[in-house]
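Written out below as structure tokens is the structure these notes cover.
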């Protein structure tokens with residue numbers, strides 16, 4: 001059977017390679033490609049096989065998340081949390097359409113955008129020391145979190161979720177400055193070490 | 001006695017042992033699925049292999065890839081002496097736990 005065009009989704013392969021450390025990137029991607037072509041594709045067809053592949057790629061997210069320093073792990077979890085919160089808030093504002101909803105949607109989407117960029121930066125293992133956007137993004141998060149915290153604390157109706165999200169935003173801003181300021185190779189073991197076992 | 005192995009770790013180690021010289025990621029994944037009779041996430045198998053290697057229970061080596069893999073290398077695993085010991089310890093502990101237990105297993 002010709003396998004031309006019968007390949008895993010390109011974006012999923014790229015994502016997998018980003019999720020994996022240097023020394024596992026080639027071998028794991030090769031194993032999954034081999035299983036895709038020889039094992040899953042003949043049984044499930046192209047759509048089923050591609051869905052299988054995406055599921056396998058997503059199964060590497062926990063492995064990816066535990067890599068790096070303690071602070072960068074926390075940053076990743078916090079960024080995912082605030083990304084979900086930002087998207088959720090934007091959707092709720094669009095549905096409820098209370099006065100001033102446009103401005104709040106803008107704020108929620110800005111938070112989501114900063115979080116997505118942070119996660120992407122972590123996945124790409126790049127550092128951003130000196131980059132203006134990093135400082136701007138962190139400053140926006142700290143300012144928004146601080147403002148929401150103070151507003152909530154002074155309000156007659158204290159809301160728990162605003163309290164949590166505001167603290168998380170400040171924490172994320174601080175962690176961004178602390179961890180994204182330096183490059184993270186993401187490498188766990190060197191290939192040389194593995195080869196020396198031969 | 002070393003820490004006892006979990007069910008999944010035992011399954012991965014036993015698969016590495018059973019596959020012998022053909023134990024690489026894909027074959028181990030398929031073997032574990034066949035043994036446990038359920039679909040297993042690849043990420044779980046690779047994360048377990050990495051953990052077992054870090055504990056010295058398996059060793060690995062790289063070999064050249066094939067065309068179907070796009071030329072990507074294969075990492076072959078082998079059960080280390082420490083891995084055999086851990087499997088033995090776990091088996092003995094399980095046997096001791098179940099000794100004289102009259103529970104009807106369904």
| note | Among A:115, A:87, the single one that is outside the structural domain of residue A:25 (by TED's automatic domain parsing), surrounded by 15 or more Cβ atoms within 10 Å (Cβ to Cβ) and at pLDDT 90 or above is A:87
| field | Residue satisfying all of: in the range A:4-36; over 28 Å from residue A:76 (Cβ atoms) and surrounded by fewer than 20 Cβ atoms within 10 Å (Cβ to Cβ); farthest from the other protein chains (Cβ to nearest Cβ) among these | value | A:5
| field | Residues of the range A:42-64 satisfying the condition of being within 11 Å of another protein chain (Cβ to nearest Cβ) and touching a helix residue (DSSP H, G or I) at 6+ places or on another chain (Cβ under 7 Å) | value | A:52, A:53, A:56, A:57, A:59, A:60, A:61, A:62, A:63, A:64
| If you go through the range A:37-57 one residue at a time, do you hit one that is touching a strand residue (DSSP E or B) at 6+ places or on another chain (Cβ under 9 Å) and modelled with pLDDT of 80 or more? | no
| Only one of (1) part of a helix (DSSP H, G or I); (2) at pLDDT 95 or above; (3) under 26 Å from residue A:23 (Cβ atoms) is not met by residue B:43, so which one is it? | (2)
| said: Can you pull out every residue in the range A:136-163 that is modelled with pLDDT of 85 or more, out of contact with any helix residue (DSSP H, G or I) (no Cβ under 7 Å at 6 or more places or on another chain) and farther than 18 Å from residue A:114 by Cα? | reply: A:150, A:151, A:153, A:154, A:160
| remark: Within the range A:1-23, the residues that are touching a helix residue (DSSP H, G or I) at 6+ places or on another chain (Cβ under 7 Å) and over 18 Å from residue B:40 (Cα atoms) are A:3, A:6, A:8, A:9, A:12, A:13, A:15, A:17, A:18, A:19, A:20, A:23
| Residues in the range A:65-80: is at least one out of contact with any helix residue (DSSP H, G or I) (no Cβ under 6 Å at 6 or more places or on another chain), within 14 Å of chain B (Cβ to nearest Cβ), surrounded by fewer than 19 Cβ atoms within 10 Å (Cβ to Cβ) and in contact (Cβ under 8 Å) with a residue 12 or more places away in the chain? | yes
| request: Of all residues in the range A:37-50, count the ones that are under 18 Å from residue B:24 (Cβ atoms) and buried (at least 17 other Cβ atoms within 10 Å of the Cβ). | output: 2
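Give the residue, chosen from B:84, B:102, that is farther than 23 Å from residue A:34 by Cα and over 17 Å from the mean Cα position of the chain (by Cα). It would help to see each step written out before you state the result.
Details: B:84 fails: over 17 Å from the mean Cα position of the chain (by Cα).
Unique residue meeting the criteria: B:102.
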| task | Can you run down the residue pairs with Cβ atoms below 6 Å, 6 or more apart or on separate chains, where the first is in the range A:134-157 and closer than 19 Å to residue A:122 by Cα and the partner is part of a loop (DSSP other than H, G, I, E, B) and at pLDDT below 90? | result | A:134/A:128; A:134/A:180
| Residue that is surrounded by the fewest Cβ atoms within 10 Å (Cβ to Cβ) [pool: residues in the range B:52-67 that are free of Cβ contacts under 8 Å to residues at least 24 places away in the same chain and assigned to a helix (DSSP H, G or I)] | B:67
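For every residue, the table says whether it meets (1) more than 12 Å from chain A (Cβ to nearest Cβ); (2) surrounded by 17 or more Cβ atoms within 10 Å (Cβ to Cβ); (3) under 24 Å from residue B:92 (Cβ atoms); (4) touching a residue at least 12 places away in the same chain (Cβ under 8 Å).
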{"position": "B:4", "(1), (2), (3), (4)": "yes, no, yes, yes"}
{"position": "B:18", "(1), (2), (3), (4)": "yes, no, yes, yes"}
{"position": "B:21", "(1), (2), (3), (4)": "yes, no, no, yes"}
{"position": "B:40", "(1), (2), (3), (4)": "no, yes, no, no"}
| task | Working carefully through the options B:34, B:96, find the one that is more than 11 Å from the chain's Cα centre (by Cα), in a helix (DSSP H, G or I) and closer than 30 Å to residue A:58 by Cβ. | result | B:34
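The values are calculated or read from the model by the stated rules, or taken from the named source; none is laboratory data. Keep in mind that this is a model prediction, so the values were computed, not measured. Cβ sites come from the backbone with ideal geometry, for glycine too, and all protein chains shown count toward neighbours.
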